[in-house]
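Quick notes on the structure that follows.
Nothing in this text is a laboratory measurement; each read-out follows from the coordinates by a stated rule. Predicted, not measured: the structure shown is a model, and the values here were computed from it. All Cβ positions, even for glycine, are placed from backbone atoms using ideal geometry, and neighbour counts span all protein chains on display.
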Amino acid sequence: MKINNSEHKRVFALFVFFSLWVLFIAVSLVRIQVFNYGKNVSKVRAQSNRVFPVNPKRGTIYDSEGEVLAISIKAKSAFLSNKNNIQSLALFKSIRRQVRLTSEEKENIESRIRRGEKFIWIKRKLSDKEYARLKKIKDTNRSTSVLDFIEEFKRVYPQGTTACHILGGVGVDEQGLYGIEYGLDSTIRGKKGEARVMLDARRKIFKLDYLTEPVPGKDIYLTIDSSIQFFVEKELGETVEKYRAKGGSVIVMDVDDGAVLAMANYPVYRPDRVKYTPPRQVSNKAISFLYPPGSTFKIILASTALELNKCSPQQVFNCYNGVYKIRDREIVDVHPFDKLTFEDIIIQSSNIGAAKIAEKLGRRNYYAGIKRFGFGKRTGIRLPAEERGIFKSPDRWSGVTLQFLAYGYEINVTPLQMTRAFNALASGGYMVEPYILKKIDGVFLKPKRKANILSPGTVQRMVSIMTEVVDSGTGKKTRIAGIKIAGKTGTSKKISRNKKYVPSFGGFFPVGNPRITVFVVIDEPKGAYYGGDVAAPLFKSIAEKLSIYLRIFPELDDNTEIRL
């Protein structure tokens, strides 16, 4: 059978078309497999892979007895794999009812869905209840958009608000934000790793590989005793609430080596909610609150005057019946006195008497004495945001600075600086630097060397005077039967149109063999405001509990001696 010419043409055309089609497919395959291989592989990987940083497990923070103050535990973080914007918005509508999110966070997630972003965090570090609720949504979800979870570490604080101002807190990526968490962040946080998540065609995770393993952070031990910290915070809180004060701080320190056993501030906050807490509430006032110390500063004046032999304990000074005019200023005593001895000036807390002692001492000698007690510089306690205080050099003093410095004005200090000063007398004349970090990763840290700043004779006379302050002077409300306490009251007035005061009390005990130094500051109490009325009773309450906890037994005299 002969094929006519028209059929031959149709067969040839079909052959050419088929050949071109095969050639096109071959060229496309070569282009895809050879020339665009790298580009296509990258595209596939981008669609099926997710590479993200992995935060390491932060080191655990312990107190001095090994009680956990902060620890990182495993927790689930929820994310949305957005494949279809409409379905993702519908899925998120179910999700948002089951987790605690702010209005801003909800708006941000919805905005990212509408922009078509593929990987969207829903919430990091879910609570157990939140995870259980979202797991049910995941298991029943039939949309192309996927809700899934990644395991991360979550910082928890088992003791609640205890030691919150010392600990500080961390952010969502486990970065230190405040307190020791921030100050030692590079030590505690470890080193980040990197992980790759493999997604299947339905955008579900089927494999997770670590590209770089995270390195855990180092554990640290503090000198804080959480039991002491707890009851000191409780007592401080009750006093602040009782007097409707703005706040307060208490520091408890070991006399011998300067270990801080408690550093309490009020009001408190929850470290696990630190990012929602106002910075002013997070601030550690024990190291950052600057205030004029008032009459507690008279121990610096008296110690310096005795050390340089500029005054003697029984030397008499004119106290001008309560009003002393100097240039265009007046110094006033609450209780007027005609004349007082050096000892009684401190015991009765006479401002005028202190000014007369300062005049006899002289500006250069007094300035050197204040510097010797460490004022004007940080203690170096290794907590962030410690203030150095405000203390002018003598060439910047006015004509009344010397007299006002005598009773704690024209200088600003921190509660920790005052604690260190009182402890110098408790320790027998040695400047012992306070410290709060006991050991890192099992290695003990040595306290700084002590510097001798006062002679034994000066210390003995000052301790005797400060004991009398408690026994018969302005500090009578700190007396504890059988336990001798040496201390000093203080009341300073803030520079303000309204009358705002800062009462304080510093002291140590037992006098025969001092073990503990305590300093108390209350900021702006309402009603009563003298140090002897507000701060002294708080000192007593804390000292009573410390005596029981540390087994500091009462000293028995002949009348109370127990005979067997």
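Using alpha carbons only, what's the Rg to Rh ratio of the chain with Rh from Kirkwood?
With Rh from the inverse mean 1/r over Cα pairs, Rg/Rh is 1.25.
Considering all alpha-carbon pairs of segment 236-298, what whole percent are spaced by more than 14 angstrom? Counting every Cα pair in segment 236-298, those more than 14 Å apart make up 67 percent.
The peptide list 124-137, 288-301, put in order of mean Cβ contacts within 10 Å with the highest first, becomes 288-301, 124-137.
All other residues whose Cβ lies under 11 angstrom from that of residue 221 are scored, Lys and Arg at +1 and Asp and Glu at -1, for a net of -2.
When the convex hull of its Cα atoms is viewed from all sides, segment 50-222 shows a mean projected area of 10.6 nm².
Bridging of residue 138 to aspartates and glutamates at a Cα separation below 19 Å is possible for 110, 128, 130, 148, 151, 152, 200, once same-chain residues fewer than 8 apart are set aside. Database remark: amide H of residue 154 closer than 5 angstrom to the amide H of 73, 74, 75 (H placed geometrically; neighbours at sequence offset of 5 or more, or on other chains; Pro and chain starts carry no H). Less than 16 Å apart at the alpha-carbon level, and either on another chain or at least 8 residues along: which aspartates and glutamates does that give for residue 499? Within the straight-line limit of under 16 Å, residue 499 reaches these aspartates and glutamates: 523, 524. Here the simple spin-label model places points 7 Å from the Cα toward Cβ, and for residue 334 and residue 103 these points are separated by 4.9 nm.
With the cut-off at 19 Å, tell me which of the pairs 360/476; 325/371; 371/494; 360/494; 93/123 have Cα atoms farther apart than that. From 360/476; 325/371; 371/494; 360/494; 93/123, over 19 Å: 360/476; 325/371; 371/494; 360/494. Please go through the residue pairs 356/545; 246/545; 218/545; 298/540 and name each one whose alpha carbons sit more than 30 Å apart in this structure. Too far apart for the 30 Å limit: 356/545; 218/545. Would you mind pulling out the separation of the Cα centroids of segment 259-282 and segment 483-514, in Å? Taking the Cα centre of segment 483-514 as reference, the centre of segment 259-282 is 23 Å away. Amide H to amide H distances under 5 Å link residue 122 with 78, 79, 80, where only residues 5 or more positions off or on other chains count and H is placed in the peptide plane. Counting other Cβ atoms within 10 Å, which trypsin sites (Lys or Arg not before Pro) in segment 205-258 have at most 11 and lie in a DSSP loop? Qualifying residues, ordered by number: 244. Farthest towards the positive end of the charge dipole of the chain, among the residues 473, 243, 21, is the Cα of 21, using unit charges on the Cβ of Lys, Arg, Asp and Glu.
The charge dipole of segment 50-222, taken about the Cα centre with unit charges on the Cβ atoms of Lys, Arg (+1) and Asp, Glu (-1), comes to about 1220 debye, rounded to the nearest 20.
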